[in-house]
There are 2 protein chains.
Amino acid sequence: MKKVCSIFLIQWCFVSGAQAESAVTPDMARTAARLIERAQTGNIAFELVQSLTTEVGPRLAGTPAEAQARNWAREKLERLGFENVRIETFEVPVWLRGLERARIVSPFPQPLRVTALGGSTSTDEQGVEGQVVRFPSLDSLIEADPGLVAGKIVFVDEVMARKRDGSGYGVAVQKRLRTAYVAQQLGAIAALIRSVGTSTHRFPHTGQMRPVSDSDGILGVPMAALSAPDADQLSRVLSYGEPVVVHLLVTPELRSPAQSGNVIAEIRGRESPEEIVLAGAHLDSWDLGTGAVDDGAGVGIVIAAARLLLEHLSEAPRRTIRIVLFGSEEVGYVGARDYTERYSEELPQHIVAAESDFGAGDIWRFDTRFPAKQLPYATEIAGVLSPLGIVRGNNTAYGGPDLRYMRESGVPVITLLQDGTDYFDLHHTPNDTLDKIGSADLHQNVAAWAAFLYLAAETEVYFRDTEATGVTGTR
Amino acid sequence: MKKVCSIFLIQWCFVSGAQAESAVTPDMARTAARLIERAQTGNIAFELVQSLTTEVGPRLAGTPAEAQARNWAREKLERLGFENVRIETFEVPVWLRGLERARIVSPFPQPLRVTALGGSTSTDEQGVEGQVVRFPSLDSLIEADPGLVAGKIVFVDEVMARKRDGSGYGVAVQKRLRTAYVAQQLGAIAALIRSVGTSTHRFPHTGQMRPVSDSDGILGVPMAALSAPDADQLSRVLSYGEPVVVHLLVTPELRSPAQSGNVIAEIRGRESPEEIVLAGAHLDSWDLGTGAVDDGAGVGIVIAAARLLLEHLSEAPRRTIRIVLFGSEEVGYVGARDYTERYSEELPQHIVAAESDFGAGDIWRFDTRFPAKQLPYATEIAGVLSPLGIVRGNNTAYGGPDLRYMRESGVPVITLLQDGTDYFDLHHTPNDTLDKIGSADLHQNVAAWAAFLYLAAETEVYFRDTEATGVTGTR
């Protein structure tokens, strides 16, 4: 045992020595270390992001551009040597942005920079005009006296916290998900929110209101996000104490459902091809930017990592590695739902799933969602990743937005958590463009993904409780 | 002499001991040091920028908003206790932005972020569509074969250099000033330029093409600036080697001349009120942002500095300090021309002029444009400024855009040169908003300006060659 304890394997040795059944054999650890080394000397992730964001650009769910992105992905995946490359289509309602303008009418006339939120209804062609009533938080709007809100434009001015792990988003996004409907119930004529995001630049952040799938016929008032400097400005103008009147024009259209789809590709497992290690990212993007960090980066990372295995392993791993590039993530995980329904019978054979959808920052933490008795395996894998500066995290991994339904159905998920300190500066803004990623920025990500995918597909252990779920495997 | 050589005065003492006639007496040096100290513990510069950018916001030359800014300035200056506060009006052609949209039609359809450049002609309502021909520089366009350009959209992709002293701008701005006219002569149908600016964000920078005053009836093709990421993208798409077709719609309007104006206020000199020390900034701004760094900051700095003298000096300085807030700077120094013509007879009595129009960065260099024999005075003043981290610079000072005609007519100018490393990230973009300035960011500027204005107005020396220009003064 001691013989294989190179500097890179010390942590693995320490861990694996402490338990009877091992997820990572010495040979596997060596192979993973080699993959890590190779990923860091160069891989195709950036090239893929560049190609997708240049040749397709923005690719909103259900649009011809998203279809173009699927064709792009299929062609790339086939050329790179993956197997079973396929597009699996489904339908999605199409929401298209129209005009979007806002201005302070009084007391200090001036334009405001806004963007309509996904799913927002349209104002009429003349727009709406009304007095603004500000709420420091969604909660304060929810508790508001309808008499103060009726006939007015509500403005929810809650500020999102900047956090390395992105945890500010889950809190802040509530106002995007709920304000238009709460405002409608209170009799408001329109709603403005401070953008869900951390950019201090003059970019409003778009994003979906209530997911398409959750629609219950209540459409909400027309709603737009203000950039942070514009929210500051509106707040400051309100602080003078005079009535503030704003004019808002947004003319998005909700069109009949159109085709969207997921793109799937595999490295077929050499021994247990029916067992799936799923590597996800999403192919669609918002329309304002070119979807470089959200989620061109994820597309590049997972494909490049899997490609590294194709190139550098002498044979396929034991299990199947399945790349799933989800469609229509941004508008409510529609591709994720389609995948989960389509593969419902195979989900028990999904060994583990992960998604890369948090930009281009380095991975710093390895989170899992495994049953307690499987946790030693997580520790072993974390040991292999630690030379990349990745620490073992918690066991409440989120996995990624497109893993939501899989996670709920019991598929073990992990998160290779990226540093997202700056992610929400770009996310859902026009500024999400290729230049925000350096050509070597993705190397560490690809290294961690390649190592993880290899280990998960090669190991003989399971990350779920096989007795409880009735999974049958090779042991 | 030694007695007054406190730690703050050492450099002054050293210098003043070396020459017979001194610009700065020990009393003056002490007063300047006190003004510097007071400025740094608080002043009203930020408050002024906040008020102007909030209550007026964007204030394009010749618009009602610019008139509003003049009223704002007059009221503030009167309230702050300045004398002879007045608005001096003149007319300026009014250029108003309309729609602005661009997209790549083929081979990779996607939108591009553009903004029309000041003075640009309009496309028709349908826009123009044509093949793009790229030039790496304005020079290469000038030398182009008309056969390669005729019927096409030219794209001048020159990159501006980021420099602390802003010297990249003078070079880069040439493409904004000249491309539309050169392109027209070569038979192009429209022009795109990479924005004159250093922002890597997705903000196109606007700015004037040929100054209004230089118009010769040649109107140029419709012209727009691409943000840097969009210029990168267009360049990248062109690099695939296929013909690239772009659609451009810009619908600005050139309206009949309307009123603009300068706002003037004074601290009347106690002994030689006819001698003027001019402190300038400009009141107008581009329409995209709220004109915080360009030039709300300058407005705040010069008013706050002069106000400090009003508050902390027991009597007015010997000479008059004249604040001039120029109108219509952005569209071609129209207010500067009006001022110079209006005061042509008094220009010989303009002792020195300076303008603050380079944002909110700290001042790091003191440049002058004095006759050689007056240079020792510059050295003395530099000594007083040195505790602020300001070094003595060159004697080829630019002074500021609105000092152009005064400088040409022989008025000595100085530049309190700010660190402009980041200035062109914001300049002429929607992102030029108040939040880019911290409440204490302007203190050092105000300190330097207060000291300089005081010294220049109190000293008995002249900064021009009085024998050559026939200036008569108190000595």
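For this structure, a couple of remarks:
- The listed residue being surrounded by fewer than 18 Cβ atoms within 10 Å (Cβ to Cβ), more than 12 Å from chain A (Cβ to nearest Cβ) and modelled with pLDDT of 95 or more, out of B:GLU66, B:GLU88, B:GLU55: B:GLU88
- Count of region B:431-459 residues which are under 22 Å from B:ARG270 (Cα atoms) and open to solvent by 10 Å² or more (accessible area, probe 1.4 Å): 2
- Filter pass, A:PRO273 being under 30 Å from A:ALA397 (Cβ atoms), in a strand (DSSP E or B) and open to solvent by 20 Å² or more (accessible area, probe 1.4 Å): yes
To keep it simple, each residue is scored yes or no on (1) without any contact (Cβ under 8 Å) to a residue 40 or more places away in the chain; (2) of a type in the set (Ser, Thr, Tyr); (3) within 14 Å of chain A (Cβ to nearest Cβ).
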| residue | (1), (2), (3) |
| --- | --- |
| B:GLY147 | yes, no, no |
| B:LYS152 | yes, no, no |
| B:ALA161 | yes, no, no |
| B:GLY166 | no, no, no |
| B:VAL173 | yes, no, no |
| B:ALA180 | no, no, no |
| B:GLY187 | no, no, no |
| B:ILE193 | no, no, no |
| B:THR198 | no, yes, yes |
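- Residue that is touching a residue at least 24 places away in the same chain (Cβ under 8 Å), over 21 Å from B:SER356 (Cα atoms), hydrophobic (A, V, I, L, M, F, W, C) and open to solvent by 10 Å² or more (accessible area, probe 1.4 Å), where the choices are B:VAL245, B:VAL334: B:VAL245
- Residue within region B:283-292 that is open to solvent by less than 10 Å² (accessible area, probe 1.4 Å), touching a residue at least 24 places away in the same chain (Cβ under 8 Å) and assigned to a helix (DSSP H, G or I) present: yes
- If you go through region A:47-64 and keep only what is more than 18 Å from the chain's Cα centre (by Cα), assigned to a helix (DSSP H, G or I) and under 22 Å from A:ILE437 (Cα atoms), you end up with A:GLU47, A:GLN50, A:SER51, A:THR54, A:GLU55.
- Test: residue in region A:402-417 that is part of a helix (DSSP H, G or I), on the phi < 0 side of the Ramachandran plot, touching a helix residue (DSSP H, G or I) at 6+ places or on another chain (Cβ under 7 Å) and acidic (Asp, Glu): yes
- Sole exception among (1) part of a loop (DSSP other than H, G, I, E, B); (2) away from chain B (no Cβ under 14 Å) for A:ASP432, by number: (2)
- Taken over region B:31-52, the criterion of being within 13 Å of another protein chain (Cβ to nearest Cβ) and open to solvent by less than 30 Å² (accessible area, probe 1.4 Å) is satisfied by B:VAL49, B:SER51, B:LEU52.
- A:GLY359 meets the conditions (1) open to solvent by less than 10 Å² (accessible area, probe 1.4 Å); (2) at negative phi; (3) assigned to a loop (DSSP other than H, G, I, E, B) in every case but one. The failed one is (2).
- Total residues in region B:140-173, condition hydrophobic (A, V, I, L, M, F, W, C), closer than 27 Å to B:GLU129 by Cβ and open to solvent by 40 Å² or more (accessible area, probe 1.4 Å): 4
- Screening A:THR179, A:THR200 for residues that are among the polar types (S, T, N, Q) and in a loop (DSSP other than H, G, I, E, B) leaves exactly one candidate, A:THR200.
- Residues in region A:109-139 that are among the polar types (S, T, N, Q), open to solvent by less than 80 Å² (accessible area, probe 1.4 Å) and either modelled with pLDDT under 95 or farther than 18 Å from A:SER195 by Cβ (or both): A:GLN110, A:THR121, A:SER122, A:THR123, A:GLN131.
- Hits in region A:409-430 - residues which are open to solvent by 10 Å² or more (accessible area, probe 1.4 Å) and among the hydroxyl-bearing types (Ser, Thr, Tyr): A:SER409, A:THR415, A:THR421, A:TYR423
- Elements of the type strands (runs of 3 or more DSSP E) sitting completely within region B:70-167 and holding at least 1 residues that are more than 27 Å from B:PRO401 (Cα to Cα): these cover B:100-106, B:110-112, B:128-135, B:153-156.
- All positions within region B:203-232 that are more than 14 Å from chain A (Cβ to nearest Cβ) and part of a loop (DSSP other than H, G, I, E, B): B:GLY207, B:MET209, B:ARG210, B:PRO211, B:SER215, B:ASP216, B:GLY217, B:ILE218, B:LEU219, B:GLY220, B:VAL221, B:PRO222
The values are calculated or read from the model by the stated rules, or taken from the named source; none is laboratory data. None of these values were measured; they are calculated from a predicted model. Reconstructed Cβ throughout: ideal geometry from the backbone, glycine too, with neighbour counts over all protein chains shown. Heavy atoms of the whole protein, side chains included, go into the accessibility calculation; ligands, DNA and RNA do not. Shrake-Rupley method; radii C 1.70, N 1.55, O 1.52, S 1.80 Å.
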